[in-house]
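The structure appears below as structure tokens.
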Amino acid sequence: MKPLTSAAIILRRTNYGEADRILQLLTPDHGVVSTIAKGVRREKSKLAGGLELLAICDVTIIRGRGDLGIVSSARLRQFYGHILRDYTRLQFAYEAIRRVAGAAEMVPEPEFYALLARIFASLDDLTIDVRLSEIWFRLNLARLLGRGLNVRYDVAGQKLAAHSKYNFDIGEMSFVPAPNGRFDGETIKFLRIASAKPPETLRQIGGLDDVLESALWLARVVSE
């Protein structure tokens, strides 16, 4: 069969035998691909430097008759090493990988690759509040899983009002009008923007201190 050459993100890796490693790779055009990198754990392996976590790798895979393709070459395109400097960012990067790995097995959606590549780049930028990155990621993960947050209408189908307050009904996955509700117009406006714009854009918005924690709580709820 013709070799597959593609960008890839490592979702899982498992040591196998004395020097091999089984890799689950996420690619932009071929979804999740299971492979084996033979001899990658040997000191002088030509593959080792091109197969890193928290990175975009260019790989060539020979696909045979079995379930596992064989990685014949690998080159590191982009390594997001700044993530390693901040424990919170590192922990969420691993959480993002775990969530995408699970989701990609259920839903063959090519946007999962773009989602993971974007969150790596965002977490790697230490000037972006990690909460902005997490909110963006979780809202878009929920959308890809068919649980996108409705930031236009309430549970009764009425347009959300800028000067009203709301609670969130987890069962209905919708906002519910409430005089002393947790979510006001500013929070909902931010959620609307965060659903559509990347973290690099969100960081340019001022005065977010009062809305970030509520927005983060809700993003976690809808993405679970």
Exercise for the section: Output the DSSP H helices from the chain with an along-axis C-alpha extent of no less than 15 Å and a mean Kyte-Doolittle hydropathy no less than 0.5. Expected result: 111-124, 212-223
Problem - Label-to-label distance, nm, for residues given as residue 76 and residue 189 (7 Å Cα→Cβ offset) - result: 4.4
Problem - Answer label for Rg/Rh (Cα atoms, Kirkwood Rh) (calculated), chosen among [x] 1.01; [y] 0.93; [z] 1.07 - result: [z]
Practice task
Quickly estimate the mean residue ellipticity at 222 nm for the chain, helices only: each DSSP H run with n ≥ 4 gives -39500 (n - 2.57), and the total goes over all residues, rounded to 500.
Solution key: -11000 deg cm²/dmol
Problem - Residues 95, 134, 18, sorted so that the one with the fewest Cβ neighbours within 10 Å comes first - result: 18, 95, 134
Problem - Table column - 3J(HN,Hα) (Hz), the stretch 27-41, Karplus curve with 6.51, -1.76, 1.60, x for Gly and Pro - result: 10, x, 10, 10, x, 7, 10, 8, 9, 10, 9, 7, x, 5, 8
Exercise for the section: Would you grab the residues whose amide H sits under 5 Å from the one on residue 16? Only those 5+ places off in sequence or on another chain, please, with H modelled 1.01 Å from N. Expected result: 21, 22
Completion exercise
For the stretch 4-80, averaging the sequence separation of alpha carbon pairs under 8 Å that lie six or more residues apart and dividing by its residue count, the contact order in percent is 30
Problem - Taking the stretch 82-223 and dividing mean pair separation by its residue count, relative contact order in percent (alpha carbons under 8 Å, at least six apart) - result: 24
Handout entry: Dipole moment magnitude, nearest 20 debye, the chain about Cα centre, only Lys, Arg, Asp, Glu C-beta charged
Key = 760
Handout entry: Estimated inter-spin distance, residue 159 and residue 180, nm [label 7 Å along Cα→Cβ]
Key = 3.0
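Throughout, read-outs are computed from the coordinates displayed, never taken from laboratory work. Just so you know, these numbers come straight off a predicted model, no measurement behind them. Glycine gets a Cβ as well: all are built from the backbone with ideal geometry, and neighbour counts include every protein chain shown.
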